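To start, the structure under review is shown below, and the notes come after it.
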Amino acid sequence: MNRGMIGVTPRPTTLADESYLEFITSFRRLAIQQMFPKVAEHGEIRLAQAMESGALEAEDGHVPLTEIQRIFGENPVTPTFQRFVRTQQEMMWRRTRESFLRDADTLMAWMEEAAAKAPERLHIEPGFTPPEYTRREIHCQPGGYTDDPLGGAVYHYGTKVFYEGFNDQDELHAELVERATPPADGKVARVLDIGCSIGQATTLLKDRFPDAEVWGLDVGEPMIRYAHARALDHGKEVHFKQALAEDTGFESDSFDLVLSYIVFHEVPVQKMREILAETYRVLRPGGSFTIYEFPSNDKGQVSASTRFLVDYDSRNNCEPYSPDFVAADFRGIIAEAGFEVADGPGLSNDFLQSIVATKPA
Ligand SMILES: C[S@@+](CC[C@H](N)C(=O)[O-])C[C@H]1O[C@@H](n2cnc3c(N)ncnc32)[C@H](O)[C@@H]1O
């Protein structure tokens, strides 16, 4: 059933699955790239009109979310857009999982062989139990990051659809890694990618810093096992560890550079604080932490259309923690952990923000 690769992404196990998922990709493109900009434009205009006429007033400088929901909801296209977003997500995961399930034995054997071949680079503690908050089915992926043994393969192809075919060669991860900010003294001997999922950035970090010891850390065992097998196939000597980002088990002051890509909006705010404290602990003085994330309210006001979208996704599209993240003073929370905070390198996806947090030397 090995049908080869699309770029560096394994193909689904049948041509019928691949065609179906191609259709879902265009369905997603229609919803996100064609419909949402119209819904956003219409809603922002109506909000501005309501503010101008005095029918609507901001509270503490913010338009109340209930008013955003009401005004955006008056557009007859909005519910269709919302239904499309949810339905494509359900169809995408269902068919992706069905496809890889057909070849489950081969996939499991591939990961087991890799584990046997390079056990010194796969760090899984027997008896580790992911806490409940990490076991939510984020983005509606069946079994989430932690509970489906095929989760790595399913996540890989699911995100290929999610990125609408623009990450088939890991090109998005290549940009994240290329733009990550090294410490001012340039010394990079040990690197950590937190919430690494299937290790796409982790292996590219090894390409950028070939002499460094590179680690990917994630709470999800299926993610880590897939990441490890994939790295081996790619001939990359990197370590993967199943652990909590708030309790990594690494020595203090032991990393020069840490990266995180879209992890913080997927944890509760209290966990975000704990992860930042732990990252501060494991970074050496002068070490540098590059963070790519969702927008948050400290970076100027998040637009009404983003708040509308994030709120919808949270309630109806399995993003339980993101509204609190978006409303948070993210930079303030990073600074409270002891970091010096500066704007990061920016990405071609300008929905995301980037931050560089430095542990004072
Ligand atoms: C959206 S994915 C991150 C994508 C990934 N950074 C990449 O390069 O594509 C979020 C990841 O964070 C992991 N995660 C969530 N909470 C975590 C925690 N407390 N500790 C470690 N990993 C966590 C999840 O298992 C998931 O793989």
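Bear in mind these aren't lab numbers, they're just calculated from the coordinates by the rules spelled out. Note that the coordinates shown come from a computational prediction; the quantities given were computed from them, not determined experimentally. Cβ atoms come from the backbone with ideal geometry, glycine included; neighbour counts cover every protein chain shown.
With both labels modelled 7 Å from their Cα along Cα-to-Cβ, the F23 to D247 distance reads 4.7 nm. Across the chain, C-alpha contacts under 8 Å between residues 6 or more apart give a mean separation that, scaled by the residue count, equals a relative contact order of 16 percent. Full extension of the chain between A48 and E164 gives 38.6 nm of extra length, using 0.36 nm per residue less the Cα-Cα distance.
Where only DSSP H runs of four or more residues are counted, the chain gives -14500 deg cm²/dmol as its mean residue ellipticity at 222 nm, each run worth -39500 (n - 2.57). Taking 4.7 Å between C-beta atoms as the pairing limit, the chain has these partnerless cysteines: C196. When the Gaussian network model of the chain links Cα atoms closer than 10 Å, the mean-square fluctuations of Q242, Q88, Q49 top out at Q49. Here K117 is the anchor, and the lysines within straight C-alpha reach of less than 22 Å, apart from those fewer than 8 places off in the same chain, are K206, K236, K241. Pairs of Cα atoms nearer than 8 Å and 6+ residues apart set the relative contact order; for segment 249-318 it is 41 percent.
Restricting the count to DSSP beta bridges whose residues both fall in the chain, what percent are antiparallel, rounded to a multiple of 5?
Working: 14 of 35 bridges.
That works out to approximately 40 percent antiparallel.
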